[in-house]
Amino acid sequence: MEQRKRAFGQEESYEELSEKYTSMHLFATRYVKYHRMIQPHMAAAGISAAESHVLILITDHPGLTVSEMAKMMGCTAGAVSQILGKLEKTKLARREKQEGNAKEVHLYATPAGERAAQEHKAYSTGHTAQLLAAVDDCAEEEKEAFFKVLDRLGDFYGRLLELPREGEPS
C-alpha cells in the first residue's frame, strides 16, 4: 500500500488520503454546481452566473479592457469577448474604443447593467453571510486557518492550470 509523507513526519495511507480527497472533491463539486445555478436576480436580468460575474467586474472596474478582465478571471480574451457579446445583446454592458487607438476597447456597464450588478452584489452579500453562519460554531482561529488553506489551494490549482497540457499547443 502506497504511503505519503504527512506534514509532521507521519505516513498517510491511500485510504486516509482518499477520504480527504473525497471530502474536498464533494465540496468543490457542490460549490461549483450551486454557483452555476441561475438565481432569481440573474433570471430577471436574463444572464448566467458567468455573465453576472463579468458584469460585477465591469462595474467594479469601469474602463477595464478585455485582456485585463481575462487576466483577472484566469481565462482567455476570447471567452471574455463571448460573455461580453451576451451582455451587450441584453443591453447590460457596452464597449468603447479608445480615442486614437481603435484596438484598445474599454468596458462599461449600462444603467441597466449597474442595476443588475447591484442586485447580484446584494445576493452575494446575503449568500456570504449564510456561508459564514454555517461555520459560526467554529472558533475564529479555525475560520482563519480554513481561509488560509483555501487561499493556498487556490494558488496551487492556479499554478497547475498554468502548466502546459499534453496535446495542447504551447
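Looking across segment 82-96, just one residue is touching a helix residue (DSSP H, G or I) at 6+ places or on another chain (Cβ under 6 Å), open to solvent by 20 Å² or more (accessible area, probe 1.4 Å) and closer than 14 Å to THR65 by Cα, and that is ILE83. Does LEU163 count as open to solvent by 60 Å² or more (accessible area, probe 1.4 Å), over 23 Å from LEU57 (Cα atoms) and not basic (Lys, Arg)? In short, yes. Being exposed (fewer than 15 other Cβ atoms within 10 Å of the Cβ) and modelled with pLDDT under 90 is the filter here; which residues of segment 97-126 pass it? Once the filter is applied, which keeps residues that are exposed (fewer than 15 other Cβ atoms within 10 Å of the Cβ) and modelled with pLDDT under 90, segment 97-126 yields LYS97, GLN98, GLU99, GLY100, ASN101, ALA102, LYS103, GLU104.
Contact map, segment 16-42: first residue touching a residue at least 40 places away in the same chain (Cβ under 8 Å), second residue open to solvent by 80 Å² or more (accessible area, probe 1.4 Å) and part of a helix (DSSP H, G or I), Cβ cut-off under 7 Å, separation 6 or more or different chains; pairs are HIS41/GLU119.
Helices (runs of 4 or more DSSP H) fully within segment 19-86 that include at least 3 residues being within 30 Å of GLN98 (Cβ to Cβ): 49-60, 66-73. Scanning segment 133-146 for residues that are surrounded by 10 or more Cβ atoms within 10 Å (Cβ to Cβ) and either closer than 20 Å to HIS25 by Cα or in contact (Cβ under 8 Å) with a residue 12 or more places away in the chain (or both) returns VAL135, LYS143, ALA145, PHE146. Note on segment 33-47: among residues that are open to solvent by less than 60 Å² (accessible area, probe 1.4 Å) and farther than 12 Å from ALA117 by Cα, the one that is farthest from the chain's Cα centre (by Cα) is GLY46.
The values are calculated or read from the model by the stated rules, or taken from the named source; none is laboratory data. In this text, all values refer to a predicted model and were calculated from it rather than measured experimentally. Virtual Cβ from ideal backbone geometry, glycine too; neighbours counted across all protein chains shown. Note: accessible area is taken over every heavy atom of the protein model, side chains too, but ligands, DNA and RNA are not part of it. Shrake-Rupley method; radii C 1.70, N 1.55, O 1.52, S 1.80 Å.
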